[in-house]
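One structure is given below, encoded as structure tokens.
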Amino acid sequence: MSNDSPTNQIQAHTEKYQFEVFPWNDNFATGIALVDEQHQQLVHLINKLASHLSHGSSNIQMAEVFGELVAYADYHFKAEEQIWQPRFQNDPWYTAHKRAHDSFLPKAQEIQNKLTDASYEKVLEETLKFLVNWLVFHILDNDRRMAKTLRALDEGLGLQAAKARADEEMTGIMQTFVETVLSMYENLTSRSLELIREKNERLKTERALVVSQMQKQSMDKLLQSMKKTIEAMASTVEIRAPYTAGHQRRVAQLAEAIAQELGLPEDEAQGIYLAASVHDIGDIQIPAEILTRPGSLNSIEREIVQNHPQAGYDILKGIDFPWPIAEMIYQHHERLDGSGYPKGLLGDQILLGAKVIAVSDVVEAMSSHRPYRASLGVEAALAELEAHKGRLYEPAVVDACISLIREKKFAFQA
């Protein structure tokens, strides 16, 4: 591959553009190294487009971006079809796949042509939505299906038998996963664009995760895929506020340990862990200058910050998780005496999972450095919990947390 290939050109810009609306994770891999490498480069280009939108652009810059997109797509499609065509030849799967490739550039050109009649922000927004939806569906469904067929062919199956096996592997739970990931990224991308445009429109996810029909033997695999996807989503918040990098992950570690210390079923502890992993995902709607400010906030800024549980709830409420993840996120700043937010809920009105996340959040936040203060230490955090046990914090949760840290020597993992 030459140094001037579209892959290398895009890779050269990767470090300059850090705003990610589409974090890559290993669940997107097809298992074909060349295809996966090139998919990652297209992900880099999507995130580069997001950076153009967040930092400002011009029509000239937009033309350059579209030039890179066209060059990359032409390069990637030809390389990918050289993999599929010899094995599928004129099979309907291949011809349909090639039609999808052939439709990509005309759509990109159609969007580019709007530059003369619409602002670059609107054109770029449309481009991002098109690319994210196309890429998720193309990677997670079409390309994975084709790759599974190739593996079956390599094992000696005939083409029709190989296709049938790939179809079987891509139905049920796997199809649910495809639809859920697409839904998550559609919603999160729209959230990021709303932040940049400073609009308050809210989008609902279009698909739901159907878990009631899951077979028990497939649950662990799906949970791991969901966990990695949720962690990838959480990284979008940390990119905007580097000083809190790892905060959600550490809160999740402690929350899961407390849930286990309380004797909760493993399934319930897993749900609390996942909710804690993205409990601050609503921060995506808070301007970066507020998130990173070293000084105190005024009343308006404080109100914006205190809206993040609502924003997090809105992002995830449409997804039918097997646990009340959106509700736990919504309630994690509520307090037993009604002094919390956003609803001022009391006592038993607050989910146990939210109470666990609240205690974990306090411990991690007080024991970590912040722009406006140095770390107060774990003992100060435990003293805060003891002082307000039964008034602000659930007594059983506080006791479990203190036991973990003081007696069982729990420590946050790097």
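The values are calculated or read from the model by the stated rules, or taken from the named source; none is laboratory data. Since the structure is predicted, the reported quantities are computational estimates derived from the model, not experimental observations. Glycine gets a Cβ as well: all are built from the backbone with ideal geometry, and neighbour counts include every protein chain shown. Surface accessibility is based on the protein's heavy atoms, side chains included, excluding ligands, DNA and RNA. Shrake-Rupley method; radii C 1.70, N 1.55, O 1.52, S 1.80 Å.
Annotations
- Inter-site label distance for Glu386 and Arg87 at 7 Å from Cα along Cβ, in nm: 6.3 nm
- Considering segment 305-414 at the alpha-carbon level, its Rg and Dmax are found to be 14.5, 40 Å.
- Computed extension length for Gln40-Ser299: 89.0 nm, one decimal, from 0.36 nm per residue of separation with the Cα-Cα distance subtracted.
- Note on Gln349 and Glu289: their simple-model spin labels are 3.6 nm apart, each label 7 Å out from Cα toward Cβ.
- Extension gain for the segment Asp267 to Lys122, taken as residue separation times 0.36 nm less the Cα-Cα distance, is 47.9 nm to one decimal.
- Charge tally in the Cβ shell below 14 Å around Gly347, where Lys, Arg are +1 and Asp, Glu are -1, Gly347 excluded: +1
- Accessible-area value, Met146, 1.4 Å probe, nucleic acids and ligands omitted, Å²: 10 Å²
- Put simply, the amide H of Leu346, placed in the peptide plane, has no neighbours under 5 Å, leaving out anything fewer than 5 places away on its chain.
- Built amide H within the under 5 Å cut-off of Tyr393, gap 5+: Leu336
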